[in-house]
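A quick write-up on the structure given underneath.
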Amino acid sequence: MALSLRSWVANDGWARLVLVLWLVANVALFWRTFMTYYSGPQYNYLHQMLGLGLCVSRASATLLNLNCCLVLLPMCRTVLTCLRGKKQVWGRGVRRVFDQSRSFHTTCGFTICFMSVVHVSAHLINAVSFSVRFSDDFPSLNMAQHRGQDPRIIILTTVPGITGVLLVLILFLMFTASSNYIRLSSYEIFFYTHNLFIIFYIILMLHVVGGALKYQSNVDMHPPGCLQSNHTSLSDGVGDNQKDSSLGATETFCREEARFSPHFPVTWLWVSAPLCLYCAERLCRYVQSSIPVTIVSVVKHPCDVIEVCMMKNGFKARPGQYILLSCSSVSSFESHPFTLTKCPTKKKETFCVHLRVVGDWTELLTHQLLTEFSQSEVLPMVHQTRYPKLLVDGPFGSPSEEVFNYKISVCVAGGIGVTPFACILHALLDGWMQYKLRRLYFVWACKDLQSFYWFADLLCTLHNKLWEENRPDYLNIQLYLSTQTEFQHLCEERYKPLSSRLRIGRPQWELLFDEIGRSNNHKRIGVFCCGPKGMSRALHSLCNSNPHPGVTFEFNTESFI
């Protein structure tokens, strides 16, 4: 149990701590706001009119402000990348929290949707209460124009009501289009609806301008429940002492009529700083991504995979990072993340990505790249202007950057998920001695034998180099062909080192981790996964239930925002 707890703390402790702090902040803020409107003297008359609907609507509005502020922060990719790169400032645990930015963004998004339902429901009740409990004593406190007014008129003829309806519509579109089904089947719908957040924030800051809910601004001069100076129950001949005894100790006279004022809008105070940060970052990214990219070569690989090699002035990246690729001739606004499979170095400025043809965007891009390439017989550098114009945004940080920060790392890839580790292998090929890493387990599972040819030459070259330098134990390669029932192998002679490491079937994760744990006692081992969700969940569970004393498997998985 202690060992499982230790592994759990190493893998999930920091992320869960941040989640708990976020949850405590939400609960504390909700309760504080609820009690302020429930028992605050400045809201006494408004609470008598609206009841709990007032407290719930205002408490949920405060949580909406908080989460609308926080949901923007994980979208600041450049800021997170810069923070992630400060290894001398942030420990490994804190950097692992940055890797959970997508999960935090999703959590805040779900909270916004849930609290919006609560907020809207409470305000629908408030609209009815304004109509039914119309106050003749305090006309300025009413949102309704007269008793019995149709609540629908109250909602559809006021600034808070109209903007609230628009916010609900936009949020509904963003929420439904964020489902996995929509993102996989039609990414364009997700992309365009998600960018409605700009309009959402503009309307959100206008939502409170109407001042529908008001507070009493002269509580000192008019305590709630005080008696008017012309109270009819008092006779003219009664003395002051007798008046005090007949009224009781808690009843006082009003010095003036109650005055009510709308609240100063505070939503912009919540969202302005992160919104400005995000807009400034997007502006910088737009300027940087506008620098022309030169396509050096386009190579078609088996199993519908395209390799694109490019050059860009001033482009620097670390192994494991990814970029956002856009093409105006395919889509004016869409951009998609792709992990770098080769980073620029001092000797060679080119960088590469491997695109798997899945979906309309990659199909159109591939068609343009290959069509232009096939129409010319000259070298790519000569006819580079004939390629479609590509824009590169980034690079951005990812968990795979941490591979070199362990003495022992395990890289597990499923299919095209091998791309971040290909960049790692290229970096080792350029010089493995400069890194802390001293042993790398490379596990790659594919459904098709032809998929291994994507990086077969790279694996063989690195394998041969390590053997020549008397470090055969540095790289442990294990290849798995998961869907074949009969034995197959890479028949070319130059791929002989890989043929001996090719196995039929799925990896036996428990046996593999047991072998790694026994061979590396009293070590911290970094486990990196990029593949299907089922593979990621299985590895995460194994890392948390590690049975080897003194060995800690620290799990990392790839995810893009």
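The values are calculated or read from the model by the stated rules, or taken from the named source; none is laboratory data. Computed from a predicted structure; not experimentally measured. Cβ: placed from backbone, ideal geometry, glycine included. Neighbour counts: every protein chain shown. Surface areas here come from the heavy atoms of the whole protein model, side chains and all, with no ligands, DNA or RNA. Shrake-Rupley method; radii C 1.70, N 1.55, O 1.52, S 1.80 Å.
Can you confirm whether V97 is more than 30 Å from R147 (Cβ to Cβ), part of a helix (DSSP H, G or I) and of a type in the set (V, I, T)?
Against the criterion (more than 30 Å from R147 (Cβ to Cβ), part of a helix (DSSP H, G or I) and of a type in the set (V, I, T)), V97 qualifies.
All but one of (1) modelled with pLDDT of 85 or more; (2) touching a Leu at 6+ places or on another chain (Cβ under 7 Å); (3) not basic (K, R) hold for V118; which doesn't?
(2)
Give all pairs with beta carbons closer than 6 Å in which a residue from segment 528-549 that is within 15 Å of E515 (Cα to Cα) and of a type in the set (V, I, T) meets a residue that is modelled with pLDDT under 90 and crowded, with 18+ Cβ neighbours inside 10 Å; count only pairs at least 6 apart in sequence or on separate chains.
As it stands, the answer is none, since no pair meets every condition given.
Could you give every pair whose Cβ atoms fall below 6 Å, whose first residue belongs to segment 494-505 and is closer than 18 Å to S482 by Cβ, and whose second residue is open to solvent by less than 20 Å² (accessible area, probe 1.4 Å) and of a type in the set (V, I, T), counting only separations of at least 6 or pairs across chains?
R501/I477
Any idea which of (1) under 17 Å from Y45 (Cα atoms); (2) in a loop (DSSP other than H, G, I, E, B); (3) of a type outside the set (K, R) is the one Q149 doesn't satisfy?
Of (1) under 17 Å from Y45 (Cα atoms); (2) in a loop (DSSP other than H, G, I, E, B); (3) of a type outside the set (K, R), only one is false for Q149: (1).
Given the residues L462, L466, L512, which is the only one that is touching a residue at least 24 places away in the same chain (Cβ under 8 Å) and either open to solvent by 10 Å² or more (accessible area, probe 1.4 Å) or under 35 Å from the mean Cα position of the chain (by Cα) (or both)?
Step by step, each of L462, L466, L512 is checked, and only L512 is touching a residue at least 24 places away in the same chain (Cβ under 8 Å) and either open to solvent by 10 Å² or more (accessible area, probe 1.4 Å) or under 35 Å from the mean Cα position of the chain (by Cα) (or both).
Is it the case that segment 52-63 has a residue that's under 30 Å from N405 (Cβ atoms) and surrounded by 22 or more Cβ atoms within 10 Å (Cβ to Cβ)?
No - not one qualifying residue is present in segment 52-63.
Which residues, taken from segment 263-275, are of a type outside the set (A, V, I, L, M, F, W, C) and surrounded by 15 or more Cβ atoms within 10 Å (Cβ to Cβ)?
Across segment 263-275, the qualifying residues are T267, P274.
Taking the stated definitions as given, is S140 among the polar types (S, T, N, Q), closer than 19 Å to Q48 by Cα, in contact (Cβ under 8 Å) with a residue 12 or more places away in the chain and open to solvent by 40 Å² or more (accessible area, probe 1.4 Å)?
So S140 fits the description; yes.
Of the residues that sit in segment 374-398 and are within 26 Å of L425 (Cβ to Cβ) and surrounded by 19 or more Cβ atoms within 10 Å (Cβ to Cβ), which one is modelled with the lowest pLDDT?
Looking at the filtered set, the residue picked out is G394.
Among the listed residues L46, L17, identify the single one that is hydrophobic (A, V, I, L, M, F, W, C) and under 21 Å from N556 (Cα atoms).
L17
Tell me, please, whether a residue that is part of a helix (DSSP H, G or I), surrounded by 15 or more Cβ atoms within 10 Å (Cβ to Cβ), out of contact with any Pro (no Cβ under 6 Å at 6 or more places or on another chain) and free of Cβ contacts under 8 Å to residues at least 24 places away in the same chain can be found in segment 1-21.
Scanning segment 1-21, I find at least one residue that is part of a helix (DSSP H, G or I), surrounded by 15 or more Cβ atoms within 10 Å (Cβ to Cβ), out of contact with any Pro (no Cβ under 6 Å at 6 or more places or on another chain) and free of Cβ contacts under 8 Å to residues at least 24 places away in the same chain, so the answer is yes.
Working only within segment 413-439, note down all residues that are open to solvent by 40 Å² or more (accessible area, probe 1.4 Å) and of a type outside the set (V, I, T).
Listed by number, the residues that qualify are H426, L429, D430, M433, Q434, Y435, K436, R438, R439.
Please go through segment 520-543 and give me each residue that is in a strand (DSSP E or B) and among the hydrophobic types (A, V, I, L, M, F, W, C), ordered by number.
I525, V527, F528, C529, C530
Give just the number: which of (1) of a type in the set (F, W, Y); (2) at pLDDT 90 or above; (3) exposed (fewer than 13 other Cβ atoms within 10 Å of the Cβ) does Y278 not satisfy?
Here Y278 clears every test but (3).
State whether one or more residues within segment 198-208 are in contact (Cβ under 8 Å) with a residue 12 or more places away in the chain, open to solvent by less than 30 Å² (accessible area, probe 1.4 Å), farther than 29 Å from F130 by Cβ and not β-branched (V, I, T).
no
Scan segment 266-294 residue by residue and report those that are in a helix (DSSP H, G or I) and among the aliphatic types (A, V, I, L, M).
L269, V271, A273, L275, L277, A280, L283, V287, listed by residue number.
May I ask you to say which residue of R133, R147 is basic (K, R), open to solvent by 40 Å² or more (accessible area, probe 1.4 Å) and free of Cβ contacts under 8 Å to residues at least 24 places away in the same chain?
R147 is the lone residue from the list that is basic (K, R), open to solvent by 40 Å² or more (accessible area, probe 1.4 Å) and free of Cβ contacts under 8 Å to residues at least 24 places away in the same chain.
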